[in-house]
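To start, the structure itself, in structure tokens.
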Amino acid sequence: MIALYGMGSPNVVKIYIALEELGLEYNVHPIDVFAGKQFDSDFLKLNPMAKVPVIVDSDGPGGKPCTLFESGAILLYLAEKTGKLLPKETVAKYEAIEWMMVQMTTVGPMFGQLVHFVRFAPTGNDYSKSRYLTQAHRVSEVLDKRLAATPWLSGAEYGIADIATYPWARSIPAFLGADAAAKYPNVMRWVGVINERPAVKRALEAVDYIRSRTTAFDKAEPEHMDRLFGRGVHAAA
């Protein structure tokens, strides 16, 4: 049995989808990030970075428990544990990992910072908004070209690069504007195909349920938001 610690953020959604696609048994431990629960001492033992997701696999290698944080590492672990969602042939395998790393290093950070400066930052951040909007468009163009040439980001078959990127890409119209769907038709076609996967539908239903049990960002106390974002009394300078 795998214990998943998380809430409803895109990086956690990846793990829900992978677990459902792989048919692995799991239970969920909600971590109420907007109530500061990621800083509780028990959770910090699982992840000293105070971030979700985290998994604890009670049946890890050699039958011993295995605790992992960072969504990319978790996806690789689950793929190797099951022998699925990652090609066996070496070049194809690392091509899939390469595109997963595009999500980890660019899609997630650029879209995440865009959301932060649009939704959570005080006024007077026009440069930051412009920078991250530009970078989000740039990486979306790259994804669209990839998906014009191959059916999946992972290559010939659906895999962990697709699972990693989908939770961010499905919100491209919300992030980049309604006309983004016309700008990135291959991405939105790919999103539409993934939307219809039964495992993805089950995962998103599970995510909606966990969101109903955790604090929404607009209901969070200012102190918890300041600690989450490292601002106010929690800022280094």
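Bear in mind these aren't lab numbers, they're just calculated from the coordinates by the rules spelled out. Being a predicted model, the structure only gives us computed values, none of them experimental. In this analysis, Cβ positions are derived from the backbone assuming ideal geometry, glycine residues included, and neighbour counts consider all displayed protein chains.
A few points about this structure:
- Taking the criterion of being in a helix (DSSP H, G or I) and out of contact with any Phe, Trp or Tyr (no Cβ under 8 Å at 6 or more places or on another chain), the residues of segment 120-138 that qualify are ASP126, TYR127, SER130, ARG131, LEU133, THR134, GLN135, HIS137, ARG138.
- For segment 195-208, filtered to residues that are among the hydrophobic types (A, V, I, L, M, F, W, C) and surrounded by fewer than 20 Cβ atoms within 10 Å (Cβ to Cβ), the residue that is farthest from TRP152 (Cα to Cα) is ALA206.
- LEU4 part of a strand (DSSP E or B), in contact (Cβ under 8 Å) with a residue 24 or more places away in the chain and over 11 Å from the mean Cα position of the chain (by Cα): yes
- Failed item in (1) surrounded by 12 or more Cβ atoms within 10 Å (Cβ to Cβ); (2) without any contact (Cβ under 8 Å) to a residue 60 or more places away in the chain, with ALA182 passing the rest: (1)
- Subset of segment 136-158 that is of a type in the set (Val, Ile, Thr) and surrounded by fewer than 19 Cβ atoms within 10 Å (Cβ to Cβ) - its residue that is farthest from the chain's Cα centre (by Cα): THR150
- Elements of type helices (runs of 4 or more DSSP H) contained in segment 37-119, each with 2 or more residues being of a type in the set (Asp, Glu): 90-102
- Single residue of segment 1-32 satisfying the filter (of a type in the set (Asp, Glu) and farther than 21 Å from ALA161 by Cβ) that is surrounded by the most Cβ atoms within 10 Å (Cβ to Cβ): ASP32
- Among (1) under 30 Å from LYS84 (Cα atoms); (2) assigned to a helix (DSSP H, G or I); (3) among the charged types (D, E, K, R), the one test that GLU157 misses: (2)
- Matching option when the condition is of a type in the set (Phe, Trp, Tyr), in contact with a helix residue (DSSP H, G or I) (Cβ under 7 Å, 6 or more places away or on another chain) and more than 30 Å from ASP57 (Cβ to Cβ), among TYR132, TYR127: TYR132
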